[in-house]
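Visitor: Okay, here's the structure, questions in a sec.
The values are calculated or read from the model by the stated rules, or taken from the named source; none is laboratory data. Just so it is clear, the structure is predicted and the values come from calculations on it, not from any experiment. Cβ: placed from backbone, ideal geometry, glycine included. Neighbour counts: every protein chain shown.
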Amino acid sequence: MMRRRLLPWEYGVRNLMRRPTRSALTLSALSVVILLIFVVVGFIRGLEKSLAVSGDSSVVLVYSLGAEENIENSAVAARTASLLTASLEGIQNRFGVPHVSPELYFGTRVQTASSGTSGLGLVRGVTQAAPLVRRSVRLVAGTWPGPGEVMVGKLVAAKLGCDPQDVQIGQEITIEKKTWRVSGQFEAGGSAYESEIWCRLPDFQQALKRQDISLVAMLMGPRMSAADVTIFCKERTDLELQAVAETDYYQSLQQHYKPVRMLAWLVVLLVAGAGVFAGLNMMYGSVAGRIREIATLQAIGYRRRAILVSILQEGMLLSAAASLLAGTVALLVLNGIAVRFTMGAFTLRIDGMSLLIGCGVGLLLGIVGALPPAIKALRLPVAESLKAI
Amino acid sequence: MKTSLGTLGVLLAVAVTAWGCGSGDKTPTATSSVPDSRFTATSEPAEAQPVGSARESAEDAQDIVVVGRIGGSSKPFVDGVGAFTIVDSKVAFCPEEEGCPTPWDYCCSQNEVKENIALVKLVDAEGKPVTQDARELLNIKELSMVVVQGKAQRDAEGNLAIQADQVFVKP
């Protein structure tokens, strides 16, 4: 009967309590490791979410052929919007208003008036047709920008690296040597627009001393697709335009950032590797001091498998506690932290998948860290181990 | 935490730059499907004219035969639709030894392309482009030489599109 039994659950728990300092230090080390994994996984998930929600499958972007895949480099004639509206029949139109948004998109230095902080900002000059096409954008405070005014996305402060108070409604910022008053704040469902500053198109053209625009965004009706617009652009070679579905545009950005994501996963692996060493160190120390005890357990009839399970239980208890601790900190502190990035800004995202990966890796650390020392201890002959000091 | 996130961002951005520069070789790909007999000419149509001269002389709705090389931009094919652009063969595309990953975009001779390019549309009975990729329909790829037989479509700006009935792919 004895030979079939596992060691009592309390045995493993009490073993951890016998060396409280060592257990606490290991718990701390594992918690930090798992927290770092949460940071990196949250970074990956945040970046992916930001790009995934940025595209609208019904929106087609038309921009300069010479800009290749970078809309910031694009410059097309201001008349392009009206030309496209007149030439294409399938554009969404309600109450006589075509859903066509001419936009001037430009990355430039932005300085806040209150603190003098300066950072690279993304500014989009738009008309009042923009919300018809950019359907995720919601004005959450203040008003739509009037002359000399801007409205800011909720991640603009993170993008500029300034205090959120510096871009509150009523504050002033300087763009292209011109002072602008913040009139409103907007959200865009976590999309890339949230790190942008929007102002009136004519004002921005005047500030940049440009008469052209960067792109035309169009909301397609049900019987029109990006391919139809592409055919138009290829027919009208004199216009030197190209068209891309907005979802494809952000998909190409996903591809562009693939190396970043792969590198981030590599960081997860490396950090997890460090965690394994922390676990190994602790468990080797723990088992080395208990060789006689383990041999005694074998001598009184406990099977090696039962002792192995008990040692693994200790490792897993520690790593599960560390996972819970790190998960709680990640949810309460890390989730939603804004991160500045080349394309704008996005928030760290500790979602279900992040928790699954973080806690899963954490539990794995406990098993992988405890297994080698446990096997090593059990391989020693019982008679020899009983004489060990 | 803010500092560590910033450092992480910088490291990742550097990695993107380093990684992004290395890759980029794009080889033209043709699907291995059987060409659609509706549009495939079994023999080369006679008296084909180059794209450049067709742009000068062809009139709207005129029956024409035009020869050219598929290209003119980094994406000469319209995804999911039977349409692509061809360029006059007198315009040189980027030589292979220059290592250009997309020689069919004629990046070395863009100014010449403007006057020597035409859009080819494989159309159905109603004159609308068929909703099947031209690469699948004709088993063609970038830089393939094709002879297109169809009806010219001109506009006031001098652009030329061809509503193609038959396409012969030169070996």
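Visitor: Tell me, which residue of segment B:90-111 that is surrounded by fewer than 18 Cβ atoms within 10 Å (Cβ to Cβ) and touching a residue at least 24 places away in the same chain (Cβ under 8 Å) is nearest to the other protein chains (Cβ to nearest Cβ)?
Guide: B:PRO101
Visitor: Quickly run through segment A:37-46 and pick out the residues that are more than 9 Å from chain B (Cβ to nearest Cβ) and not charged (D, E, K, R). Let's see the steps before the verdict.
Guide: Pass one, segment A:37-46, residues more than 9 Å from chain B (Cβ to nearest Cβ): A:37-38, A:41-42, A:44-46.
Selection gives A:ILE37, A:PHE38, A:VAL41, A:GLY42, A:ILE44, A:GLY46.
Visitor: Any residue at all in segment A:169-190 that is within 30 Å of the chain's Cα centre (by Cα), away from chain B (no Cβ under 14 Å), farther than 28 Å from A:SER115 by Cβ and part of a helix (DSSP H, G or I)? Outline the logic, then answer.
Guide: To start, the set of residues in segment A:169-190 that are within 30 Å of the chain's Cα centre (by Cα) comprises A:169, A:171-175, A:182-190.
Next, only the ones that are away from chain B (no Cβ under 14 Å) stay: A:169, A:171-175, A:182-190.
Adding the requirement that they be farther than 28 Å from A:SER115 by Cβ leaves A:189.
Now drop any that are not part of a helix (DSSP H, G or I), which leaves none.
So far as segment A:169-190 goes, no, none of its residues is within 30 Å of the chain's Cα centre (by Cα), away from chain B (no Cβ under 14 Å), farther than 28 Å from A:SER115 by Cβ and part of a helix (DSSP H, G or I).
Visitor: Being within 26 Å of the chain's Cα centre (by Cα) and farther than 18 Å from A:VAL244 by Cβ is the filter; apply it to segment A:49-87 and report the residue that is farthest from the other protein chains (Cβ to nearest Cβ).
Guide: In this case the residue turns out to be A:LYS49.
Visitor: Now a separate question. Being small (Gly, Ala, Ser), over 15 Å from the mean Cα position of the chain (by Cα) and either closer than 11 Å to B:PHE39 by Cβ or not in a strand (DSSP E or B) (or both) is the filter here, so list the residues in segment B:113-159 that pass it.
Guide: Our first condition is that a residue be small (Gly, Ala, Ser); within segment B:113-159, this holds for B:118, B:125, B:127, B:134, B:144, B:150, B:152, B:156, B:158.
With the extra rule that they be over 15 Å from the mean Cα position of the chain (by Cα), the set shrinks to B:125, B:127, B:150, B:152, B:156, B:158.
Within segment B:113-159, B:ALA125, B:GLY127, B:GLY150, B:ALA156, B:GLY158 qualify.
Visitor: Let me ask something additional. Here are the criteria: (1) within 14 Å of chain B (Cβ to nearest Cβ); (2) buried (at least 18 other Cβ atoms within 10 Å of the Cβ). Tell me which single one A:GLY90 does not satisfy.
Guide: Among (1) within 14 Å of chain B (Cβ to nearest Cβ); (2) buried (at least 18 other Cβ atoms within 10 Å of the Cβ), the lone unmet condition for A:GLY90 is (2).
Conditions tested, residue by residue: (1) out of contact with any Pro (no Cβ under 9 Å at 6 or more places or on another chain); (2) outside any helix (DSSP H, G or I); (3) more than 20 Å from A:ALA274 (Cβ to Cβ); (4) in contact (Cβ under 8 Å) with a residue 12 or more places away in the chain.
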residue: A:GLN298; (1), (2), (3), (4): yes, no, yes, yes
residue: A:TYR302; (1), (2), (3), (4): yes, yes, yes, yes
residue: A:ILE307; (1), (2), (3), (4): yes, no, yes, yes
residue: A:LEU364; (1), (2), (3), (4): yes, no, no, yes
residue: A:ILE367; (1), (2), (3), (4): yes, no, no, yes
residue: A:PRO372; (1), (2), (3), (4): yes, no, no, yes
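Visitor: Moving to a separate point now. If I filter segment A:333-346 down to residues being under 17 Å from A:SER54 (Cα atoms) and within 11 Å of chain B (Cβ to nearest Cβ), which single residue comes out as surrounded by the most Cβ atoms within 10 Å (Cβ to Cβ)?
Guide: So the first thing to find is which residues in segment A:333-346 are under 17 Å from A:SER54 (Cα atoms), and the list is A:338-346.
Add one more test, that the residue is within 11 Å of chain B (Cβ to nearest Cβ), and what stays is A:338-343, A:345-346.
Working: A:ALA338: 21, A:VAL339: 23, A:ARG340: 21, A:PHE341: 21, A:THR342: 14, A:MET343: 18, A:ALA345: 25, A:PHE346: 27.
Of everything passing the filter in segment A:333-346, A:PHE346 is surrounded by the most Cβ atoms within 10 Å (Cβ to Cβ).
Visitor: On to the next question. I'd like the residue in segment A:319-332 that is in contact with a Ser or Thr (Cβ under 6 Å, 6 or more places away or on another chain) and buried (at least 21 other Cβ atoms within 10 Å of the Cβ) and, out of all such residues, is nearest to A:ALA157 (Cα to Cα). So that I can check it myself, show each step before the final result.
Guide: Within segment A:319-332, the first condition is being in contact with a Ser or Thr (Cβ under 6 Å, 6 or more places away or on another chain), and the residues that meet it are A:322, A:325-326.
Checking the rest, the ones that are also buried (at least 21 other Cβ atoms within 10 Å of the Cβ) come to A:322, A:326.
Values: A:ALA322: 33, A:ALA326: 27 Å.
Only one residue tops the list, namely A:ALA326.
Visitor: In segment A:344-362, which residues are in contact with a helix residue (DSSP H, G or I) (Cβ under 9 Å, 6 or more places away or on another chain), in a helix (DSSP H, G or I) and not hydroxyl-bearing (Ser, Thr, Tyr)?
Guide: Here is the first cut: in segment A:344-362, the ones in contact with a helix residue (DSSP H, G or I) (Cβ under 9 Å, 6 or more places away or on another chain) are A:344-351, A:353-355, A:357-362.
Filter again for in a helix (DSSP H, G or I), leaving A:353-355, A:357-362.
Within segment A:344-362, A:MET353, A:LEU355, A:ILE357, A:GLY358, A:CYS359, A:GLY360, A:VAL361, A:GLY362 meet the criteria.
Visitor: A:GLY142 versus (1) in contact with a Lys or Arg (Cβ under 7 Å, 6 or more places away or on another chain); (2) on the phi > 0 side of the Ramachandran plot: which is the lone unmet condition?
Guide: Looking at each condition in turn, A:GLY142 falls short on (1).
Visitor: State whether the residues of segment B:134-154 include one that is within 10 Å of chain A (Cβ to nearest Cβ) and modelled with pLDDT under 90.
Guide: Taking segment B:134-154 first, the residues within 10 Å of chain A (Cβ to nearest Cβ) are B:153.
Those left that are additionally modelled with pLDDT under 90: none.
No, that holds for no residue.
Visitor: Looking only at segment A:234-263, count how many residues are in a helix (DSSP H, G or I) and under 16 Å from A:ALA52 (Cβ atoms).
Guide: Here is the first cut: in segment A:234-263, the residues in a helix (DSSP H, G or I) are A:234-235, A:237-239, A:246-256, A:258-263.
Narrowing the set further to residues that are under 16 Å from A:ALA52 (Cβ atoms) leaves A:246-256, A:258, A:260-261.
Here the count works out to 14.
Visitor: Same structure, new question: Could you tell me whether A:VAL216 is within 14 Å of chain B (Cβ to nearest Cβ), in contact (Cβ under 8 Å) with a residue 12 or more places away in the chain, outside any loop (DSSP other than H, G, I, E, B) and crowded, with 17+ Cβ neighbours inside 10 Å? Reasoning before the result, please.
Guide: On the way: within 14 Å of chain B (Cβ to nearest Cβ): no; in contact (Cβ under 8 Å) with a residue 12 or more places away in the chain: yes; outside any loop (DSSP other than H, G, I, E, B): yes; crowded, with 17+ Cβ neighbours inside 10 Å: yes.
Answer is no for this residue.
Visitor: Can you confirm whether segment A:97-106 contains a residue that is farther than 30 Å from A:TRP198 by Cβ and either in contact (Cβ under 8 Å) with a residue 60 or more places away in the chain or assigned to a strand (DSSP E or B) (or both)?
Guide: Taking segment A:97-106 first, the residues farther than 30 Å from A:TRP198 by Cβ are none.
Scanning segment A:97-106 turns up no residue that is farther than 30 Å from A:TRP198 by Cβ and either in contact (Cβ under 8 Å) with a residue 60 or more places away in the chain or assigned to a strand (DSSP E or B) (or both).
Visitor: In this structure, does A:THR230 turn out to be within 19 Å of A:PRO102 (Cα to Cα), in a helix (DSSP H, G or I) and within 11 Å of chain B (Cβ to nearest Cβ)? Quick ask: steps written out before the conclusion?
Guide: Details: within 19 Å of A:PRO102 (Cα to Cα): yes; in a helix (DSSP H, G or I): yes; within 11 Å of chain B (Cβ to nearest Cβ): yes.
Taking the combined requirement at face value, the residue satisfies it.
Visitor: A further question follows. If you scan segment A:246-291, which residues turn out to be among the hydroxyl-bearing types (Ser, Thr, Tyr) and within 11 Å of another protein chain (Cβ to nearest Cβ)? Spell out the reasoning first.
Guide: Residues of segment A:246-291 that are among the hydroxyl-bearing types (Ser, Thr, Tyr), as a first pass: A:247, A:249-250, A:252, A:257, A:284, A:286.
Listed by number, the list holds a single entry, A:TYR257.
Visitor: Do we have any residue at all in segment B:69-89 that's surrounded by fewer than 20 Cβ atoms within 10 Å (Cβ to Cβ) and not in a loop (DSSP other than H, G, I, E, B)?
Guide: Here is the first cut: in segment B:69-89, the ones surrounded by fewer than 20 Cβ atoms within 10 Å (Cβ to Cβ) are B:74-75, B:79-80, B:89.
Imposing the further condition that a residue be not in a loop (DSSP other than H, G, I, E, B) reduces the set to none.
No, because not a single residue in segment B:69-89 is surrounded by fewer than 20 Cβ atoms within 10 Å (Cβ to Cβ) and not in a loop (DSSP other than H, G, I, E, B).
Visitor: Scan segment A:108-116 and tell me whether some residue there is of a type in the set (D, E, K, R) and farther than 25 Å from A:LEU348 by Cα. Explain how you work it out, then say what you get.
Guide: Keep residues of segment A:108-116 that are of a type in the set (D, E, K, R), which gives A:109.
Now restrict to residues that are farther than 25 Å from A:LEU348 by Cα: none.
Scanning segment A:108-116 turns up no residue that is of a type in the set (D, E, K, R) and farther than 25 Å from A:LEU348 by Cα.
Visitor: Just a yes or no: is a residue in segment A:52-63 assigned to a helix (DSSP H, G or I), at pLDDT below 85, in contact with a Lys or Arg (Cβ under 8 Å, 6 or more places away or on another chain) and over 30 Å from A:GLN298 (Cβ atoms)?
Guide: To start, the set of residues in segment A:52-63 that are assigned to a helix (DSSP H, G or I) comprises A:52.
Pick out the ones that are also at pLDDT below 85 and you get A:52.
Next cut, in contact with a Lys or Arg (Cβ under 8 Å, 6 or more places away or on another chain) only: none.
Within segment A:52-63, not a single residue is assigned to a helix (DSSP H, G or I), at pLDDT below 85, in contact with a Lys or Arg (Cβ under 8 Å, 6 or more places away or on another chain) and over 30 Å from A:GLN298 (Cβ atoms).
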